[in-house]
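The values are calculated or read from the model by the stated rules, or taken from the named source; none is laboratory data. Just so it is clear, the model here is predicted, and its values are computed rather than measured. Quick reminder, even Gly has a Cβ in these numbers, built from the backbone with ideal geometry, and neighbours come from all protein chains shown. Quick note on the areas: whole protein, heavy atoms, side chains included, nothing else; ligands and nucleic acids left out. Shrake-Rupley method; radii C 1.70, N 1.55, O 1.52, S 1.80 Å.
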Amino acid sequence: MYESGENYLETILILANRIGNVRSIDIARELNFSKPSVSRAVGVLREDGYININKDGYITFTEKGRLLATSIYERHNILTGFLHKVAGVSLKTAEEDACRIEHYISEETFAGIKRYMNDSK
């Protein structure tokens, strides 16, 4: 899965938690993307088995999609906290950098950061 697909899954999860039922238009508004761009991306996610779309256009996760979205969101939150609290960068910068790092960090490094953050509570 590419970074853009992971960002879409994370956005769907965030929106589902915030507003409940999610449609492509909600994603387009949240990300400030065009409706056609979002429609293409959502179509790929559906074809790849990460989401389902019902007849009314509402998006739900498959088990595979929910697991990946939850994992990405966890990475984002832990990395944001690490960068902000440990590295001392502003929350805005921590959020932006975590969004980039979460897609490329190795499992080993992430596990170490996660362990550090859990141990320092």
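Here is how the numbers come out for the structure above:
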item	result
Three-way shape call for the range 48-98 based on the alpha-carbon gyration tensor, with the a/c threshold at 1.5	prolate
Rounded accessible area per residue of the chain, 1.4 Å, Å²	62
Sparse-neighbour loop sites [chymotrypsin sites (Phe, Trp or Tyr not before Pro); the range 69-121; at most 10 other C-beta within 10 Å; DSSP]	TYR104
Computed [θ] at 222 nm, deg cm²/dmol, the chain (DSSP H ≥ 4; -39,500 (n - 2.57); rounded to nearest 500)	-21500 deg cm²/dmol
Distance between the range 85-119 and the range 21-47 - C-alpha centres, whole angstrom	27
Nitroxide proxy distance, nm - points 7 Å out along Cα→Cβ at ARG40 and LYS55	3.0
Pairwise label distance in nanometres, GLU108 with ASN32, each label 7 Å out on the Cα-Cβ vector	3.9
Theoretical gain in end-to-end length, ASN118 to LEU91 [0.36 nm per residue, Cα-Cα removed]	7.8 nm
Rounded percent of accessible protein surface that carbon and sulfur make up, the chain, 1.4 Å probe	51
Candidates ASN21, ASN32, ASN77, ranked by Gaussian network fluctuation over the chain, Cα under 10 Å, top entry	ASN32
Pairwise Lys count, the range 46-116 - Cα closer than 30 Å, eight or more residues apart or different chains	4
Prolate/oblate/rounded call for the range 74-116, Cα gyration tensor, a/c under 1.5 rounded	oblate
Gaussian network model of the chain, springs between alpha carbon atoms under 10 Å - residue of THR60, THR11, THR93 with greatest fluctuation	THR93
